[in-house]
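To start, the structure under review is shown below, and the notes come after it.
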Amino acid sequence: MTEHNPDRMVLWPGYFNAKVSRRSGRRVPKEAAVVDPTLDGLAWAARQAGLSKLKRETDISHPKRPGAKEGRLWISSRDAAASMSLESKEQIMQSIGRTWRASQTEQKDAEKAAKSAGPKAGDKRARAQRKRVKAKGSKGKKKRQKWKI
């Protein structure tokens, strides 16, 4: 068990889970929550939000969620106050969550754009699929075969 250090605060990925209610453990509003949060994603979002002093601990479970080994992220309160100009843990979590959510929505939008663009011109498999669909969908009369005897 670690001793109390007022300069450090701990962040759990479960605090940012959009699928969980506030009562069940989410600590940020829906606008700052993400789907399927991970420790790596949390560390990345904290770095993007401006924090530099981070410490990751993997395979550790939150006391209220002992079955999930989600890990935790220790951040420096002084570093957060200096780099982000935020004092409270709630403000820091909301800032990190909004950064994380924005990147996640950008990634999903990029994936949707890539899917809707269709196959590329040189993609042989896609071209073959287009040919098969075209052949199946053609509504012409079948030609009779003439037997030569």
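The set of residues from region 34-82 being under 27 Å from residue 106 (Cβ atoms), among the β-branched types (Val, Ile, Thr) and more than 14 Å from the chain's Cα centre (by Cα) comprises 58, 75. Among residues of region 54-79 being out of contact with any Leu (no Cβ under 8 Å at 6 or more places or on another chain) and surrounded by 16 or more Cβ atoms within 10 Å (Cβ to Cβ), the one that is nearest to residue 90 (Cα to Cα) is 77. Over 21 Å from residue 107 (Cβ atoms), surrounded by fewer than 17 Cβ atoms within 10 Å (Cβ to Cβ) and hydrophobic (A, V, I, L, M, F, W, C): is that true of residue 12 in this structure? In short, no. Residues considered: 51, 39. Of these, the only one that is in contact with a strand residue (DSSP E or B) (Cβ under 8 Å, 6 or more places away or on another chain) and closer than 14 Å to residue 95 by Cβ is 51.
When 81, 121 are screened for being touching an Asp or Glu at 6+ places or on another chain (Cβ under 9 Å), at pLDDT below 90 and over 25 Å from residue 22 (Cα atoms), only 81 passes.
Residue 24 satisfies every condition listed in (1) surrounded by 11 or more Cβ atoms within 10 Å (Cβ to Cβ); (2) closer than 20 Å to residue 102 by Cβ except (2).
Select from region 10-37 the residues that are assigned to a loop (DSSP other than H, G, I, E, B), over 27 Å from residue 82 (Cβ atoms) and not aliphatic (A, V, I, L, M) and list them in ascending order. If you could, list the steps in order and put the result at the bottom.
The initial filter retains those residues of region 10-37 that are assigned to a loop (DSSP other than H, G, I, E, B), namely 12, 18-29, 33, 35-37.
Imposing the further condition that a residue be over 27 Å from residue 82 (Cβ atoms) reduces the set to 18-26, 35-36.
19, 21, 22, 23, 24, 25, 26, 36 - these are the residues of region 10-37 that are assigned to a loop (DSSP other than H, G, I, E, B), over 27 Å from residue 82 (Cβ atoms) and not aliphatic (A, V, I, L, M).
The values are calculated or read from the model by the stated rules, or taken from the named source; none is laboratory data. The model shown is predicted, which means the values in this text are computed figures rather than measured ones. We place every Cβ from the backbone using ideal geometry, glycine too, and count neighbours over all the protein chains shown.
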